[in-house]
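Contents: one structure, followed by commentary.
The values are calculated or read from the model by the stated rules, or taken from the named source; none is laboratory data. Since we're looking at a predicted model, the values are computed, not measured. Quick reminder, even Gly has a Cβ in these numbers, built from the backbone with ideal geometry, and neighbours come from all protein chains shown. SASA here: full protein model, heavy atoms, side chains in, ligands and nucleic acids out. Shrake-Rupley method; radii C 1.70, N 1.55, O 1.52, S 1.80 Å.
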Amino acid sequence: MSEAATLIAAARAAAAHAHAPYSRFHVGAALLLSDGSIVTGANFENASYGLSLCAETVAVATASASGRLADIVAVGVVGGMIGPDGLQGTEPVTPCGRCRQVLNEAAQIGGRDLVIHCAAGSGERVATFTLSELLPHAFGPANLGMV
């Protein structure tokens, strides 16, 4: 199975565990680490909408809590409205601006431009980008002399 297919499958499995009772929009993220292991996350909504957590942020925080922030090499994201047959949607879901910034933190600390595979809820379409394509001219640790 290709890197994209592996990460999208892991992200799809994570999306099944999303807590999204308000939007019914489930998102899963999967991070490929340098040793080949995968860390996942799912979105977690809150009745106070501003306190909701995106799947990518949950996954990055999980990697960081394990001391693996610098080891992230690729990301898979899948999302869509949840229906009776699972995730719906035909357009690939990309990380939001906040998640792009959080991913940039990991990318700069790890010294690499992350590959991000984005899939539609239905799984029919996958679009692959680098983080620098999704977040050009990013501000991060390097701007503060930290890396």
Evaluate region 90-103: report whether one residue or more is under 17 Å from the mean Cα position of the chain (by Cα) and farther than 25 Å from His19 by Cβ.
-> no
When Asp113 is run through (1) within 22 Å of Ala18 (Cβ to Cβ); (2) open to solvent by 60 Å² or more (accessible area, probe 1.4 Å), the failure sits at (1)
Name every residue in region 118-133 that is under 27 Å from Asn143 (Cβ atoms) and open to solvent by less than 70 Å² (accessible area, probe 1.4 Å), in order of residue number.
-> Cys118, Phe129, Thr130, Leu131, Ser132
Would you mind telling me which numbered condition in (1) in contact with a Gly (Cβ under 6 Å, 6 or more places away or on another chain); (2) open to solvent by less than 30 Å² (accessible area, probe 1.4 Å) Gly140 fails?
-> (1)
Would you tally the residues in region 39-82 being among the charged types (D, E, K, R) and touching a helix residue (DSSP H, G or I) at 6+ places or on another chain (Cβ under 8 Å)?
-> 2
